[in-house]
1. So which pairs qualify, if the first residue must be in the stretch 83-98 and over 13 Å from I8 (Cβ atoms) and without any contact (Cβ under 8 Å) to a residue 12 or more places away in the chain, the second must be not aliphatic (A, V, I, L, M) and not in a loop (DSSP other than H, G, I, E, B), the Cβ gap must be under 6 Å, and the two must be at least 6 apart or on different chains?
2. Output the qualifying pairs, or none if there are none: Cβ atoms under 7 angstrom, residues six or more apart or on different chains, first residue in the stretch 11-38 and free of Cβ contacts under 8 Å to residues at least 24 places away in the same chain, second residue surrounded by 15 or more Cβ atoms within 10 Å (Cβ to Cβ) and part of a helix (DSSP H, G or I).
3. Would you point out the residue of the stretch 65-78, among those that are part of a loop (DSSP other than H, G, I, E, B) and in contact (Cβ under 8 Å) with a residue 40 or more places away in the chain, that is nearest to H30 (Cα to Cα)?
4. Looking at (1) surrounded by fewer than 16 Cβ atoms within 10 Å (Cβ to Cβ); (2) touching a residue at least 12 places away in the same chain (Cβ under 8 Å), find the lone condition where N5 falls short.
5. Scan the stretch 53-69 for residues that are modelled with pLDDT under 95, touching a helix residue (DSSP H, G or I) at 6+ places or on another chain (Cβ under 7 Å) and under 19 Å from E16 (Cα atoms) and jot them down.
6. Which of the residues spanning the stretch 1-24 are at pLDDT below 95 and of a type outside the set (A, V, I, L, M)?
7. Report, by residue number, each residue of the stretch 79-106 that is among the basic types (K, R), surrounded by 13 or more Cβ atoms within 10 Å (Cβ to Cβ), in a helix (DSSP H, G or I) and out of contact with any helix residue (DSSP H, G or I) (no Cβ under 7 Å at 6 or more places or on another chain).
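The values are calculated or read from the model by the stated rules, or taken from the named source; none is laboratory data. A quick note: this is a predicted structure, and the numbers were derived from the prediction, not measured. Here the Cβ positions follow ideal geometry from the backbone for every residue, glycine too, while neighbour counts run over all protein chains shown.
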Amino acid sequence: MKTNNECIRKILQIVETIPCKASMTVLELHEKIPEYSIEEVIAMVTILNREHFIMIVDKAGYNDSDVFSENRIKCLTERGYRTLDVIREDQIWNLMKEKLVNFQDMSFFMIISIASKIINDKHNCLFNLNSNLNIDYSRW
């Protein structure tokens, strides 16, 4: 299945809201974003799990990356938080969607890379830093 960048972003935003010591099934997640099919949500959660953006607490298959609707999502990983930090702002997200004619065809990793560059350039301009200076973002 083709990745859906909008769906992935919404999943990351929702998973971030899961309270400490709580979890949410993939089916419960789907109920919060009914505009996407359950198959699409499972596929995007599988990608996010496989690439270590989210933590699933009850793997139900032999293959560690298999995700099913009854699996429980615990939280974002450090990589998930860092990714959400660069795609969180609607202004940046909408700018990319507007300017990149092939936005939906681009890989999620390319989207993250472009968003990081946009944020870096904005921060360099804000603090009057060299435009070639690349700052590695860390949450902690």
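1. Taking only residues 6 or more apart or on different chains, the pairs are K97/F103.
2. Listed pairs, sorted by first residue: I14/L29; K32/I14.
3. So, considering only residues that are part of a loop (DSSP other than H, G, I, E, B) and in contact (Cβ under 8 Å) with a residue 40 or more places away in the chain, the one nearest to H30 (Cα to Cα) is S69.
4. (1)
5. Listed by number, the residues that qualify are I56, V67, S69.
6. Selection gives K2, T3, C20, K21.
7. Hits for the stretch 79-106 are R79, R82.
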